[in-house]
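I have placed the structure first, in the form of structure tokens, so that the comments after it can refer back to it.
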Amino acid sequence: MNLRTLICPYDPELINGLSNREIGVRVDSASLVSRAAEMVRNSGNRLLCVILDSTQPVEAVPWEDAWKGIPILLTAPAAGEFRKLVHKLPLLKTLNLKIYLSATDENIRDARILSSLGVSCVLRIEAGAVDWEALTDLMTYALCARAPHAPIDPFDYIARKYDAREHLKWGGVYLEDAEKYFHLDKEKNVALSAKEALARQFIGRLDEIEKAEPEEIAQRADAWSRNFTGNSPCATCEGFKICMGSFRPEDGKTEGCKAFFSETIETLGELYAQKDRAGKERVWQL
Ligand code: SF4
């Protein structure tokens with residue numbers, strides 16, 4: 001069985017009881033970032049990243065020089081006031097950092113500003129109240145803007161993995177992919193997402209699951225295929241290849257998501273065609 005990366009709470013007993021695994025370690029206080037990274041690195045495991053769950057906006061996080069060299073995923077409710085954040089930018093730009101924000105109207109706007117200032121972001125898109133037009137503008141900026149800017153995910157991730165001949169699963173950008181990540185609690189119970197771990201929706205214990213993989217994992221990995229059947233609006237959607245029905249709103253109004261994912265595929269096609277043309281030109285330049 002394929003050994004998943006483990007997303008663990010900061011718990012020395014749990015992490016020291018694991019060996020030779022890739023681990024993302026979750027902390028809820030900035031004061032634990034360095035300690036958690038060091039603990040994983042000294043435990044015989046590999047550090048994927050430290051996930052710092054902040055209830056404060058990015059601007060109010062007590063950033064430290066000591067975090068240089070530590071891959072960090074900061075989840076925060078908002079960027080906060082840019083006039084305050086701007087003073088922290090010199091340090092932020094030296095860190096190996098991604099800032100994870102939910103796709104509210106404000107965060108869609110701020111992700112663009114952060115990216116233009118050299119700070120990478122991950123926008124959490126969820127079905128429901130999303131401003132798909134604003135998201136389309138951001139996608140276009142993330143993929144096409146010529147001015148230097150830091151990557152914005154999931155767009156950068158999708159662009160790197162996209163293959164026009166295949167469906168693309170990109171839950172991994174949120175550490176949610178049943179084939180790649182397990183989320184653990186302190187007792188080694190396994191959930192398939194951070195949200196499910198928080199709600200204590202576990203599928204079993206790590207040692208048992210790794211001996212005999214439960215059917216639920218394969219079902220979860222193939223859940224998208226159910227969106228491609230019957231009268232589902234997803235079955236005829238041009239954006240299905242990179243959405244796979246994941247963003248179908250409960251009210252059934254799919255105009256926004258359809259337009260967004262179709263335009264993303266169109267943009268990716270255009271970018272690939274440009275690269276192809278540029279490659280050919282290079283070969284025949286005299
Ligand atoms: S973008 Fe298309 S595939 Fe995705 S939820 Fe909307 S209609 Fe379904």
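The values are calculated or read from the model by the stated rules, or taken from the named source; none is laboratory data. Remember, it's a predicted structure, so these values are computed and weren't measured experimentally. Ideal geometry is used to build each Cβ from the backbone, glycine not excepted, and the neighbour counts take in all protein chains shown. Quick note on the areas: whole protein, heavy atoms, side chains included, nothing else; ligands and nucleic acids left out. Shrake-Rupley method; radii C 1.70, N 1.55, O 1.52, S 1.80 Å.
On average over all directions, what projected area in square nanometres does segment 227-279 have, based on the convex hull of its Cα atoms?
Values: hull surface 15.2 nm².
Projected over every direction and averaged, the Cα hull of segment 227-279 covers 3.8 nm².
Candidates 272, 60, 178 compared by Cα position along the dipole of the chain: farthest toward the positive end lies 272, with charges placed on Cβ. Just the Cα atoms of the chain, one point each, no solvent: what log10 I(q)/I(0) does Debye give at q = 0.12, 0.17 Å⁻¹? The computed values of log10 I(q)/I(0) come out as -0.87, -1.44.
If you wrap a convex hull around the C-alpha atoms of segment 113-261 and split its volume per residue, what is the figure in Å³? Spelled out: Cα convex hull of segment 113-261, divided by residues, is 145 Å³. Listed by chain and number, the lysines whose alpha-carbon sits under 18 Å from that of residue 275, ignoring those within fewer than 8 places in the same chain, are 161.
Which shape class, rounded, prolate or oblate, goes with segment 155-209 when its Cα gyration tensor gives a ≥ b ≥ c as root eigenvalues, a/c under 1.5 marks rounded, and past that a/b bigger than b/c marks prolate? Prolate.
Looking at the chain, the accessible area is 53 square angstrom per residue; that uses a 1.4 Å probe and ignores ligands, DNA and RNA. Annotation: lysines with alpha-carbon distance below 20 angstrom to residue 93 (same-chain offsets under eight excluded): 68, 84. With the biggest extent put first, the Cα atoms of segment 89-149 measure 35, 23, 15 Å across the principal axes.
Of all DSSP beta bridges confined to the chain, the antiparallel ones make up roughly 10%.
Which of the three applies to segment 64-113, rounded, prolate or oblate, going by the alpha-carbon gyration tensor with a ≥ b ≥ c and a/c under 1.5 meaning rounded? Mind showing how you got there, number by number?
Values: a/c = 2.58, a/b = 1.50, b/c = 1.72.
Since a/c reaches 1.5 but b/c is at least a/b, the shape of segment 64-113 is classed as oblate.
Its Cα gyration tensor gives segment 5-161 an equivalent ellipsoid; the semi-axes, largest first and in whole Å, are 28, 17, 14. For the chain, the carbon plus sulfur part of the accessible surface works out to 50%, probe radius 1.4 Å.
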